[in-house]
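Nothing in this text is a laboratory measurement; each read-out follows from the coordinates by a stated rule. On a predicted model such as this, the values are computed, not experimentally measured, just so you know. Neighbour counts run over all protein chains shown; Cβ positions are idealised from the backbone, glycine included.
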Amino acid sequence: MASIRCDEYGFDCSYSTMGEIEGVVLDYWKHMNDCHGIDYSRGTIGKFANKNVKCTAKKIRY
Ligand SMILES: [Zn+2]
């Protein structure tokens, strides 16, 4: 499970998406294009999502 929140990356935006990592990356990539006009590479967004997976795992462990 992965998640991305737009406001974590400096946008004044309430968008968030969660689910399987492939879907999260695709959803967020579309959102960035449609709503912010930014064409991030999928690899960059994949790193955002991976970072959140690690954070979640840490929270569960402690
Ligand atoms: Zn946004």
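Structure above, values below:
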item	result
Residues that are within 11 Å of the ligand (Cβ to nearest atom) and surrounded by 14 or more Cβ atoms within 10 Å (Cβ to Cβ), drawn from segment 14-26	15, 16, 17
Residues of segment 36-54 satisfying the condition of being within 16 Å of the ligand (Cβ to nearest atom) and either among the aliphatic types (A, V, I, L, M) or free of Cβ contacts under 8 Å to residues at least 24 places away in the same chain (or both)	37, 38, 39, 40, 44, 45, 49
Members of segment 1-13 found to be within 9 Å of the ligand (Cβ to nearest atom) and part of a loop (DSSP other than H, G, I, E, B), listed by number	11, 12, 13
